[in-house]
Amino acid sequence: MNLTAQHVLIVGGTRGIGRATAAAARAAGARVTATGRSAASLANLPDGVAGLRLDFTDPASVAALADRLDGVDHLVLSASDAVAWGPFADLGEPALRAAFDAKFWGYWRVIRALAAKLSATGSVTLVTGAAARAALPGTSGLAAVNGALEAMARVLAVELAPRRVNTVSPGLTATEAYAGLPDEARAAMFAATAARLPAGRVGAPDDIAQVILLAMANPFLTGSTLDVDGGAHLAR
């Protein structure tokens with residue numbers, strides 16, 4: 001997958017899947033810019049990746065980013081903060097609203113601001129999540145946010161054409177997002193999930209990054225959701 005001389009912008013590129021994608025795109029020859037919320041987070045970028053500050057929940061911050069960019073070939077959205085977990089009966093409205101504010105509206109805001117900056121042969125890739133379609137108990141909030149993004153992306157694939165728009169839907173992936181759990185609890189969660197998956201393991205950031213690169217590089221791929229979830233979306 002050759003991205004030589006193409007400009008890739010990764011929103012949320014300082015850790016986890018976003019950081020792995022930044023490194024993979026750089027290795028594929030791209031000029032890569034990654035965003036983070038703080039100077040400290042931007043210090044963690046892979047070699048050769050430029051960093052820009054962005055708070056995508058803040059319209060002024062998004063507008064400032066758009067003003068700084070001359071053009072983008074591939075836009076990857078991999079940032080997320082608030083996550084609405086828990087059974088439907090226990091999930092409060094504030095938590096779900098916060099999850100929409102932090103991901104759906106953030107992605108929407110960035111795409112709106114940068115659509116005019118995308119090259120005609122470029123792409124947008126939204127990182128969503130297996131909960132959007134896997135019907136996993138306790139994930140109705142995740143399903144709502146990520147399902148909304150996947151539905152929107154299919155329409156954008158038509159409205160923004162010839163620019164391509166796809167979503168990449170990861171399953172449970174071993175990233176820093178789970179660093180707050182005690183080591184034993186985290187290991188038990190990963191082991192229990194791996195035992196239920198046809199692939200027999202949870203994901204690694206590089207697993208997801210390679211599929212995001214495919215979405216950027218394949219000129220005949222648009223309007224698709226690519227499942228990279230070890231089989232979590234399969235009926236069992």
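Of everything in region 62-98 that's modelled with pLDDT under 90, among the small types (Gly, Ala, Ser) and in contact with a helix residue (DSSP H, G or I) (Cβ under 9 Å, 6 or more places away or on another chain), which residue is farthest from ALA135 (Cα to Cα)?
It comes out as ALA79.
Just checking, does region 165-172 include any residue being surrounded by fewer than 14 Cβ atoms within 10 Å (Cβ to Cβ) and either hydroxyl-bearing (Ser, Thr, Tyr) or without any contact (Cβ under 8 Å) to a residue 12 or more places away in the chain (or both)?
So far as region 165-172 goes, no, none of its residues is surrounded by fewer than 14 Cβ atoms within 10 Å (Cβ to Cβ) and either hydroxyl-bearing (Ser, Thr, Tyr) or without any contact (Cβ under 8 Å) to a residue 12 or more places away in the chain (or both).
Filter region 181-212 down to the residues that are closer than 17 Å to GLY129 by Cβ, assigned to a helix (DSSP H, G or I) and either in contact with a strand residue (DSSP E or B) (Cβ under 8 Å, 6 or more places away or on another chain) or of a type outside the set (Gly, Ala, Ser) (or both) and list them by number.
Passing the criteria: MET189, PHE190, THR193, ARG196, PRO205, ASP207, ILE208, VAL211, ILE212.
Let me confirm something: among ARG37, ARG53, which residue is in contact (Cβ under 8 Å) with a residue 12 or more places away in the chain, among the charged types (D, E, K, R) and surrounded by fewer than 17 Cβ atoms within 10 Å (Cβ to Cβ)?
Exactly one of ARG37, ARG53 is in contact (Cβ under 8 Å) with a residue 12 or more places away in the chain, among the charged types (D, E, K, R) and surrounded by fewer than 17 Cβ atoms within 10 Å (Cβ to Cβ), namely ARG53.
Taking only pairs six or more apart or across chains, which ones have beta-carbon atoms under 7 Å, a first residue in region 97-124 that is under 22 Å from VAL83 (Cβ atoms) and free of Cβ contacts under 8 Å to residues at least 60 places away in the same chain, and a second residue that is surrounded by fewer than 23 Cβ atoms within 10 Å (Cβ to Cβ) and acidic (Asp, Glu)?
ALA102/ASP81
If I filter region 179-189 for residues that are without any contact (Cβ under 8 Å) to a residue 60 or more places away in the chain and closer than 23 Å to THR33 by Cα, do I get at least one hit?
So far as region 179-189 goes, no, none of its residues is without any contact (Cβ under 8 Å) to a residue 60 or more places away in the chain and closer than 23 Å to THR33 by Cα.
Could you check, for region 39-50, whether at least one of its residues is of a type outside the set (Ser, Thr, Tyr), more than 18 Å from THR125 (Cα to Cα) and part of a strand (DSSP E or B)?
Among the residues of region 39-50, at least one is of a type outside the set (Ser, Thr, Tyr), more than 18 Å from THR125 (Cα to Cα) and part of a strand (DSSP E or B), which makes the answer yes.
Which one is nearest to LEU160 (Cα to Cα) among residues in region 51-85 that are charged (D, E, K, R) and part of a helix (DSSP H, G or I)?
In this case the residue turns out to be ASP67.
The values are calculated or read from the model by the stated rules, or taken from the named source; none is laboratory data. Predicted model only: the values in this text are computed from it and were never measured. Neighbour counts run over all protein chains shown; Cβ positions are idealised from the backbone, glycine included.
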